[in-house]
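The values are calculated or read from the model by the stated rules, or taken from the named source; none is laboratory data. This is a predicted model, so every value here is computed, not measured. Here Cβ is always computed from backbone atoms with ideal geometry, including for glycine, and neighbour counts include all displayed protein chains.
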Amino acid sequence: MVTFLAMSEASSEIVHQLIAEVGDAGIEEMRRAPGLAAAVDQHMAAVRDVIKASGDDPVAEVLLDYVHGFVDAAIERGWWPTGEFDWETTRVIAVHALLRKTGR
């Protein structure tokens, strides 16, 4: 049981680090790529809509829950960031940008 808890905590930390690295790199790239910036903006709006439709507000804790669940599910489907700005990567960048706006 202790091993499972430690692996769960380690896994969560790895996902958290992945989100931050993908998000930071994407936000930096947005400064050079207007098309990526537009796509991220659309994803940000969609994430806010999804969260509001569930009855929540897009505050930091809700955004963190959303992005961790999203990344976990994407990894289970075989996604992993490759440096390309695919749909999943763009979504992670969008949530990371929203988190930055909350001060996180």
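Here are the numbers for this structure:
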item: Top-ranked residue of region 1-25 - restricted to ones that are hydroxyl-bearing (Ser, Thr, Tyr) and surrounded by 10 or more Cβ atoms within 10 Å (Cβ to Cβ), ranked as modelled with the highest pLDDT; result: SER12
item: Residues of region 68-103 satisfying the condition of being of a type in the set (Phe, Trp, Tyr) and within 12 Å of LEU18 (Cβ to Cβ); result: PHE70, TRP79, TRP80
item: Pairs with Cβ under 7 Å, 6+ apart, first in region 56-68 and in contact (Cβ under 8 Å) with a residue 12 or more places away in the chain and more than 15 Å from ARG91 (Cα to Cα), second hydroxyl-bearing (Ser, Thr, Tyr) and surrounded by fewer than 14 Cβ atoms within 10 Å (Cβ to Cβ); result: VAL59/THR102; ALA60/THR102
item: Residues that are of a type in the set (D, E, K, R) and within 12 Å of the chain's Cα centre (by Cα), drawn from region 60-79; result: ASP65, ASP72
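Conditions tested, residue by residue: (1) within 15 Å of ALA25 (Cα to Cα); (2) surrounded by 11 or more Cβ atoms within 10 Å (Cβ to Cβ).
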| residue | (1), (2) |
| --- | --- |
| GLY55 | no, no |
| ALA60 | no, yes |
| ALA74 | no, yes |
| ILE93 | yes, yes |
